[in-house]
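The structure under discussion appears below in the form of structure tokens.
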């Protein structure tokens, strides 16, 4: 599997993608069934070619083929096998190839699982995905070729960025990219709907599972990246409002709004235009994040490839995809008929409010992220927008969002009375009041108190909703079990996802009360923090596969009893002349004890060592909550009624929509 074969397979995939973008769409316009029938085969052919190309690059990494510039710059002989493989996407060229591969998987998935779609709609959707894929594959072939050769080939490579040599970050990009690229499917459905000039309940039912699947992956990807930041960077935090972190949060927020808006389209055939715009916007934000990271506009600890020349290509692709889709939206959206009417106090009304607040938070994050580079570009001013701004601007918008999350899912469709719903939530209200009293006593700061209180409200109201659906304590337990069996799993999934939000918010609120200290100690010296006694008992040097590590031993006692022994380390990578920290964390599920070893000072006979010690209450809950959210989405997807129970679609009009 030579690099030349990989380049040929990539070029072949690009040919398939271009054909996929043209022939099925042309067939849908002409009502030519033969051309439309080509779509699944072209999508599968493109995927096979991309898999072959990707495997060629993996083979070059595993076999230490340093004649490939990508492998030379990002690998070495001493690099562990796991990181030789995962390092394939730990760089610019490989990550773009991975992006194209996942996009190819999405196209093949629509071809495989979209057999119940009308043939013209499926042809258009697959065609749009082919057009986007062709753009990224041309990008790989022209400006970011992962198979470029160097001659003569050196005996060893330059190695990987040590920060990326970690299991968490090894698997973070594929999961995150699956979330990013997954929103290409709702985008393709939106463009196909605009071409066809029709959005209905069936369209909403088809779009929602793809949006939920992408949202689940993006949630897991963001959580894994946050976890990596927490335990690798060694500063004790989990979210820095880094520009690249924000670039992933923005499509997550708009994607969350898209999922909820698609429900209204499916149930009531309302919010059609808005849902189409959200589908376009969410994928546009995903593409924009790619452009911002790889163009050099945003500086970030995450950015591994800053090249303005490549950024020009991505900017052109961005203009074509986003500009073209918005132009089509402006032209065709007025032809989309409006759906059913509903009262402000209704399930639809609560979902509209949900959309408004989510999109407002999205706008705040987007503004805070883009304001500094635009000020630098236009006026030459260097401005930093950090955590204080984002916290102060987003939390006041999040509080009403959390409030309405409590009773919104319990409102009937079309028209509702608020008081009967609130009356059902009296237990959740009491729990929320008790939480408020406890947090006022135990937490410092207005925003943490409000967030913790609202987290309890979300969890309590979600549990109340499920208890009401099962008629718990009102009928026999066996009857409740029967109700549970007949209740759609999507109902449980939605409640579970909301509970996950509450768990994460509670973790974030209480984590704000973390305690930490930075000390310089001798071996055997003790320090006190949060009622725990921390003792540095030993420091030794340990060789690794491609690094030397200074490993500390820290014993932690509480009330005279040994709680745990921690082994934080500091690694020196000679090939890259870099050092990294390996954090040691002990958790009991309610709090993390977190230790980091820093520099060594003084003579070898009596040295001192810098230690960073943290006590982080409820820190694990932030990631538990994200996992619960993703599990809720997965549970909803497991409901066959959500995936294939689409209503019968009305016949298409005789007039062929302009495309």
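A short reminder: the numbers here are calculations on the coordinates, not readings from a lab. Nothing here was measured: the structure is a model prediction, and the numbers come from that model. When we count neighbours, we look across all protein chains shown, and the Cβ atoms used for this are built from the backbone with ideal geometry, even at glycine.
Here are the numbers for the structure shown:
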read-out: Average Cα contact separation per residue, the range 338-398, under 8 Å, 6 or more apart, as relative contact order %; value: 32 percent
read-out: As computed over the range 1-160, the Cα convex hull volume per residue (Å³); value: 89 Å³
read-out: Pair residue 376, residue 548: separation of 7 Å Cα→Cβ label points (nm); value: 3.6 nm
read-out: Which of 266, 527 has the fewest Cβ neighbours within 10 Å, and the rest in rising order; value: 527, 266
read-out: Where N is the number of residues in the chain, Cα Rg divided by 2.2 N^0.38 Å; value: 1.03
read-out: Overall Cα dimensions of the range 574-633 - principal axes, largest extent first, Å; value: 55, 30, 11
read-out: Spin-label pair residue 34/residue 414, simplified geometry with 7 Å Cα→Cβ offset, distance in nm; value: 4.9 nm
read-out: Calculated [θ] (222 nm, deg cm²/dmol) that DSSP helices of n ≥ 4 give over the chain, each run adding -39,500 (n - 2.57); value: -20500 deg cm²/dmol
read-out: Sorted by Cβ neighbour density within 10 Å, fewest at the top, the residues 430, 447, 72; value: 430, 447, 72
read-out: Sorted by Cβ neighbour density within 10 Å, fewest at the top, the residues 599, 148, 592; value: 599, 148, 592
read-out: Estimated inter-spin distance, residue 26 and residue 476, nm [label 7 Å along Cα→Cβ]; value: 6.8 nm
read-out: Relative contact order %, the chain, counting alpha carbon pairs below 8 Å whose residues are six or more apart; value: 12 percent
read-out: Two-site FRET efficiency, residue 440 against residue 601, from Cβ-Cβ distance with R₀ of 41 Å, rounded to 0.05; value: 0.40
read-out: Length added when fully stretched, residue 520-residue 422, from 0.36 nm per residue minus Cα-Cα; value: 29.8 nm
